[in-house]
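Below: one structure, written as structure tokens.
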Amino acid sequence: MTVILEFTLAWDEFALGRALSSASDRQVQLERIIPMENTVIPFFWVVGERPEQLKADVDASEYVQNLSVVDQIGDHTLYRVEWTGEYEDLLNGIVSTGGTILEGEGSEEWYFQLRFLDHEHVADFYNFCTERDIPIHIERTYTLTEESLRGRNFGLTPKQREALVIALKRGYFDTPQETDMSEMAEELGITQQAFSDRLRRAEQKVLENVLSASTRGGTN
């Protein structure tokens with residue numbers, strides 16, 4: 001039975017994160033990983049940044065090389081890079097244990113949603129990370145059947161729900177706003193960028209669930 005794993009990871013705890021997150025406001029969205037002989041090729045989107053700056057950061061990294069632009073749509077640019085050597089890292093673990101990236105994005109903190117064939121493959125991935133001291137923080141694991149029974153929980157992780165609840169209680173969505181990102185981030189003891197990432201993902205999941213449900217129910 002297909003199992004979904006959601007986890008977070010500090011930006012500097014895996015090679016691609018270190019290479020891409022040197023700019024604190026850089027937003028990276030992993031799209032897919034292509035396994036090659038002795039290496040993996042990650043594809044990812046970067047929003048609103050000139051390729052020259054990203055290339056300078058990648059060229060300075062000891063882990064990745066050969067950055068190339070694959071496509072551009074508006075201010076979104078799709079890139080690919082290659083690993084150097086046979087460095088074993090988080091992305092190698094995803095590929096070697098049969099994981100598929102459903103979501104992978106971040107800047108100061110990375111969030112991943114992976115799909116595995118079963119719980120055994122999830123355990124293999126967790127063991128891969130543990131043996132290599134890759135400190136992932138598991139948010140939750142669930143099957144698609146379990147997710148369909150969650151009703152109006154909208155698939156939020158505890159941290160995403162916490163960010164959304166605080167924003168509602170503190171009047172962030174009021175007009176005028178009664179608080180701002182920095183105050184809420186300070187309350188949780190995280191950076192403003194990390195709070196912004198959590199809140200944005202929470203809003204996206206709620207909207208996706210609500211709008212998809214209204215579409216299934218038809219329109220009046």
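The values are calculated or read from the model by the stated rules, or taken from the named source; none is laboratory data. Model, not experiment: these values are computed from the prediction. Heads up, the Cβs are rebuilt from the backbone with ideal geometry, glycines too, and the neighbour counts pull from every protein chain shown. Side chains included, ligands, DNA and RNA excluded: accessible areas come from the protein's heavy atoms. Shrake-Rupley method; radii C 1.70, N 1.55, O 1.52, S 1.80 Å.
Worth pointing out:
- Considering only alpha-carbon pairs that sit under 8 angstrom and 6 or more positions apart, the relative contact order computed for segment 102-209 is 24 percent.
- Debye intensity ratio I(q)/I(0), log10, segment 99-205, q values 0.12, 0.13, 0.24 Å⁻¹ (C-alpha model): -0.51, -0.59, -1.36
- A straight chain from A56 to E203 at 0.36 nm per residue would run longer than the Cα-Cα distance by 49.6 nm.
- Taking label positions 7 Å along the Cα-Cβ direction at both D174 and T2, the computed distance is 4.2 nm, reported to one decimal.
- Per-residue surface analysis assigns K169 an accessible area of about 150 Å², computed on protein heavy atoms at 1.4 Å probe radius.
- Taking every protein chain into account, the 1.4 Å probe leaves E120 with about 130 Å² of accessible area, to the nearest ten.
- Scalar couplings 3J(HN,Hα) for segment 92-100, obtained by applying the Karplus form with A = 6.51, B = -1.76, C = 1.60 to θ = phi - 60°, are 4, x, 4, 5, 5, 9, x, x, 10 Hz; x denotes Gly and Pro.
- With the convex hull constructed from alpha-carbon coordinates only, segment 149-210 shows a mean projected area of 4.2 nm² over all directions.
- Using a probe of 1.4 Å on the protein chains alone, the accessible area found for D75 is around 80 Å².
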